[in-house]
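Worksheet for the structure shown next.
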Amino acid sequence: MLKLGIDASNIRTGGGLVHLKEILRTVDIEKYNIEKVIIWSCKKTLHEIEEKPWLKKCCEPVMEQSYLHRAIWQQKKLHSKLKEEKCDI
């Protein structure tokens, strides 16, 4: 079983949010052998995403800050968060 990590830190509104919501709404986790999906984003984006038993929503405080802060988080912290959650992909 796979654990999938999604960095959605830059998804706020529009097409990106619609696309992400539709992927998570329609994904067949059994077909793709997915145990859990962990997603990192801001509170507003996570609130828009439907709750699922296999979905973990994570909001780091930096997600509410500027693009520069989020980019630094991606470079310095995301890898350790993926390891901490034992993400395969």
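The values are calculated or read from the model by the stated rules, or taken from the named source; none is laboratory data. All values derive from a computational prediction rather than experimental measurement. Cβ atoms come from the backbone with ideal geometry, glycine included; neighbour counts cover every protein chain shown.
A few remarks follow.
- Filtered by the rule that a residue be over 11 Å from the mean Cα position of the chain (by Cα), in a loop (DSSP other than H, G, I, E, B) and within 21 Å of C87 (Cα to Cα), the stretch 1-28 gives M1, V27, D28.
- The set of residues in the stretch 29-67 being in a strand (DSSP E or B) and either in contact with a Gly (Cβ under 6 Å, 6 or more places away or on another chain) or on the phi > 0 side of the Ramachandran plot (or both) consists of I38 alone.
- Among residues of the stretch 73-89 being assigned to a helix (DSSP H, G or I) and in contact (Cβ under 8 Å) with a residue 40 or more places away in the chain, the one that is surrounded by the most Cβ atoms within 10 Å (Cβ to Cβ) is W73.
- Members of the stretch 6-54 that are surrounded by 11 or more Cβ atoms within 10 Å (Cβ to Cβ), more than 20 Å from I89 (Cβ to Cβ) and free of Cβ contacts under 8 Å to residues at least 12 places away in the same chain: V18
- The set of residues in the stretch 51-62 being modelled with pLDDT of 95 or more, closer than 19 Å to L4 by Cα and not basic (K, R) consists of E51, P53, W54, L55, C58, C59.
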